[in-house]
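The values are calculated or read from the model by the stated rules, or taken from the named source; none is laboratory data. Note that the structure is a prediction, hence the values are computed from the model and not measured. A quick note on method: Cβ atoms are made from the backbone with ideal geometry, for glycine too, and the neighbour counts reach across all protein chains shown.
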C-alpha cells in the first residue's frame, strides 16, 4: 500500500470493465455467424430495445434486494398491474391512438404510463407495509409471503379483467420502421431504447450524484451505520421499494405495447426473465442489471435466429455460463 | 417407536388425527364407494409423500426450491413415456423407474452443486428459472412428451380395473386391479414418509437443522454444508420423482397440468406451510386438509358464486368463481405464514391454541 499525503486525491476505485465488454464481444462474434449485416443490425437493435425494457422491469427488483435485502417474488405482479392499468386509459382514447400524429399519440401514452407508475407505486406501498414489514430480515418468510402476494395479485387480476387476452394496439405513429438502406429498425424499439437509456442514466445520476443516492448506497453497504448517523433508513427503503414498483409498472406498459397484448400470466413469464437478469448482473447492482438485461435479450434474439430450438433454454445456459465465470453475478455488490 | 425413528407425534390430538387419517385412507376402497373418493385418497397419499420430501428441503434445511415439481414431473414422464413406448408390461415400469430416478437425482445434484455453493437466496431464484425452462421444454418436445396433451398409457395387466383378484362372492366386495394399484400407492407413499422420518432424525438430519439455524456455525463445526445440502436436495428429488411415478401410475397419464405446472408447486408450498414446516407429519395433515378442500370446497364455491350472481351483487360472483380458488388459497397462504408459522402440527404440539 502506498502512503498518501493528506492533500493527495483519494485513489480512484478500480474499474471492472470485463462485464461491459461482454455484450460487445457477443455482438461482434455473431456478425460472421449471422452473415448478413443488415439482419445483424436489425437483430442488434431488437436486442437493445428488448434489453432496455427488461432492464426497466428488473432495476427495481435488484435495487430493492441490494438495499433492503428483500427478495420480492411478487415483483412480476407490479409489471402486470402496470400493463392492465394502462389499458384502462388506452381503451377509451382509442381514437387519438389511431390518429397519425406523434403528439396526439404521446398525449395519451404519457398519462397512461404515468398512471400505471402511480398505481403500481401505490401498490408497492401496500405490499411493503402489509407483506414485507412483518417478516423483515427473514428470507424464508419473505419468499413465502411475496409468493403468496403474487398469487393473490394475479388471481385478483383474473377476477377483475377476466382470463382473456386484451389486445393493446400500438399507436399509429409508432408503427412501422425506420429504413436505412436495407436495415429496418422498428420505431417503437427506438422509443423503448430511448426510455430505457433515460431510466438508466437517471438512476445512475440519482445514485451517484445526489445526497439521496449517497444515503442509499451507504445503506447498501452498512445499514446500521446509516441509522446510527440519524437517517431514517426505513423511509428510504419504502421510497426505493415504491420507485422499484413504479418502474416495474412502466416496464409493464412498455412490454404490453411491445407484445401488443396484456394477459395476467405475463407476470409469471416475466418474473423468470427478470430473475435471470438480476442473478446474472449480481444482486443489487444496477450496472450489472443493465448489462445482464442486454445479454439476455441478445441471447434471445441471436439465439432465436441462429438456433431456434435452443432459444427455449438459452437463458438458463447463459446464466450457467456467467455464474461459472463469476459465481456472484457480473458485479457482486453486497457481501451477502 | 422404531418405525417412527424415535420421533413420535408428541401430542395426543395429533396422534389421534394422524391415526384417523391413515386408517381412513387405508380403508377408503371399502368405506367410501365410488371413484371420486378413491381418487382423492390416492392423491392424498401421493401428495403426502411429495410434500414430506419438500419439507426435507424447506423445513429442515430452510432452502426454498421451486423445482420440486420438476422432479415430480420427471418421475411422471419417465414412467409414462416408458409405458407408452414399450407397451403395458413390467419391463416398461422397471425402465421408467431405472431411467427416471437417476435422472432426477443427477439434475438435483447439478442444481445443488451449482447454486447451493453460492448465496442461499440464489437457490430459490435459480430453481425457479430452471423449473420454468424445463416446463417449456416438456411442452415443446412433443415427439417425446406429447406436448400439452401429455401421454396416456395402459398399465400392466395386473393393475387394470378389469382384473378381478378376489371376486365379490368371497367377502362381499370386489378386489380388482384398481384397488391393488391404490394399495401400491398407499404402501410406497407410507414407506417413503417413514424413510424421510428416519432421515431427518438421523445425525445427518441434525446437521441439516444446524445448517438451517446457522449455516456459518455449522460450517465452523467442520461440516461440509454444501455436501449436506446437496445430498438433501438429491434425496428430496428422488422421493419427489417416486411420488411422480406413483401419480402417473394412478392416473394412467402424465401431462404438464398434472405433473409440471407452477400451480402444483404452489399447492406443495401451501401444504407444507399449513401442515407445519420441519415436522414431516405436517405433510400428511397439510396434504389431507388441502386436497379435501380442493375437491369438496370448490364445488361449494360454485354454489356461492351462483347465489351471489343471482342476488345481483357486483364483483362477488367473479371472486367466488370456482376458477378463482387460488385467490383464496393465496390469502390463506399469507395468513398462515403470518399467523401460524409453525402450522397445524406446531400448534398441536405446543399444546393446542396457546402461543408457542
Sole residue being touching a helix residue (DSSP H, G or I) at 6+ places or on another chain (Cβ under 9 Å), buried (at least 19 other Cβ atoms within 10 Å of the Cβ), farther than 30 Å from residue B:216 by Cα and without any contact (Cβ under 8 Å) to a residue 60 or more places away in the chain, chosen from B:133, B:78, B:129, B:138: B:133
Residues within the stretch A:175-233 that are surrounded by 12 or more Cβ atoms within 10 Å (Cβ to Cβ) and either in contact with a strand residue (DSSP E or B) (Cβ under 8 Å, 6 or more places away or on another chain) or at positive phi (or both), tallied: 8
Among (1) surrounded by fewer than 24 Cβ atoms within 10 Å (Cβ to Cβ); (2) assigned to a loop (DSSP other than H, G, I, E, B); (3) touching a residue at least 24 places away in the same chain (Cβ under 8 Å) - the single one residue A:119 does not satisfy: (2)
Exclusive hit being in a helix (DSSP H, G or I) and in contact with a strand residue (DSSP E or B) (Cβ under 9 Å, 6 or more places away or on another chain), set A:77, A:86, A:107: A:86
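For every residue, the table says whether it meets (1) in contact (Cβ under 8 Å) with a residue 40 or more places away in the chain; (2) under 17 Å from residue A:102 (Cα atoms); (3) within 14 Å of chain B (Cβ to nearest Cβ).
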{"position": "A:143", "(1), (2), (3)": "yes, no, yes"}
{"position": "A:147", "(1), (2), (3)": "yes, no, yes"}
{"position": "A:157", "(1), (2), (3)": "yes, no, yes"}
{"position": "A:165", "(1), (2), (3)": "yes, no, no"}
{"position": "A:172", "(1), (2), (3)": "yes, yes, no"}
{"position": "A:181", "(1), (2), (3)": "yes, no, no"}
Of residues in the stretch A:301-320 being more than 9 Å from chain B (Cβ to nearest Cβ) and over 19 Å from residue B:131 (Cβ atoms), the one modelled with the lowest pLDDT: A:308
Residues located in the stretch A:283-300, provided they are under 16 Å from residue A:21 (Cα atoms) and within 12 Å of another protein chain (Cβ to nearest Cβ): A:296
Residue A:225 vs. criteria closer than 29 Å to residue A:90 by Cβ and either touching a residue at least 24 places away in the same chain (Cβ under 8 Å) or assigned to a helix (DSSP H, G or I) (or both): no
Residue count for the stretch A:262-277, restricted to those that are within 30 Å of residue A:88 (Cα to Cα) and in a helix (DSSP H, G or I): 11
Number of the exception - residue A:96 against (1) surrounded by fewer than 24 Cβ atoms within 10 Å (Cβ to Cβ); (2) at the interface with chain B (Cβ under 9 Å from one of its Cβ atoms); (3) in a helix (DSSP H, G or I): (2)
Filter result (within 12 Å of chain B (Cβ to nearest Cβ) and in a helix (DSSP H, G or I)) within the stretch A:321-336: A:321, A:322, A:323, A:324
Condition broken by residue B:277, with the remaining ones in (1) within 14 Å of chain A (Cβ to nearest Cβ); (2) farther than 30 Å from residue B:8 by Cβ; (3) surrounded by 15 or more Cβ atoms within 10 Å (Cβ to Cβ) satisfied: (2)
Which listed residue, of B:350, B:309, is more than 22 Å from the chain's Cα centre (by Cα), surrounded by fewer than 16 Cβ atoms within 10 Å (Cβ to Cβ) and either away from chain A (no Cβ under 14 Å) or closer than 26 Å to residue B:24 by Cβ (or both): B:350
Residue that is surrounded by the fewest Cβ atoms within 10 Å (Cβ to Cβ), among those in the stretch A:257-271 that are within 11 Å of chain B (Cβ to nearest Cβ) and modelled with pLDDT under 85: A:269
The stretch A:307-320, subset touching a helix residue (DSSP H, G or I) at 6+ places or on another chain (Cβ under 6 Å) and assigned to a helix (DSSP H, G or I), residue surrounded by the most Cβ atoms within 10 Å (Cβ to Cβ): A:319
Matching residues in the stretch B:142-196 - criterion: being on the phi > 0 side of the Ramachandran plot and in a helix (DSSP H, G or I): B:147
Selection status of residue A:303, more than 18 Å from residue B:125 (Cβ to Cβ), within 19 Å of the chain's Cα centre (by Cα) and surrounded by fewer than 24 Cβ atoms within 10 Å (Cβ to Cβ): no
Subset of the stretch B:269-289 (residues that are in a helix (DSSP H, G or I) and over 22 Å from residue B:187 (Cβ atoms)): B:269, B:270, B:272, B:273, B:274, B:289
Test: residue B:313 is farther than 24 Å from residue B:6 by Cα, part of a loop (DSSP other than H, G, I, E, B) and without any contact (Cβ under 8 Å) to a residue 12 or more places away in the chain: yes
When residues of the stretch A:66-90 are limited to those that are within 13 Å of chain B (Cβ to nearest Cβ) and at pLDDT 85 or above, the one surrounded by the fewest Cβ atoms within 10 Å (Cβ to Cβ): A:73
Residue under evaluation residue B:303, criteria (1) within 14 Å of chain A (Cβ to nearest Cβ); (2) at pLDDT 80 or above; (3) part of a helix (DSSP H, G or I), criterion not met: (1)
So residue A:254, is it buried (at least 24 other Cβ atoms within 10 Å of the Cβ) and either within 14 Å of chain B (Cβ to nearest Cβ) or under 24 Å from residue A:109 (Cβ atoms) (or both): yes
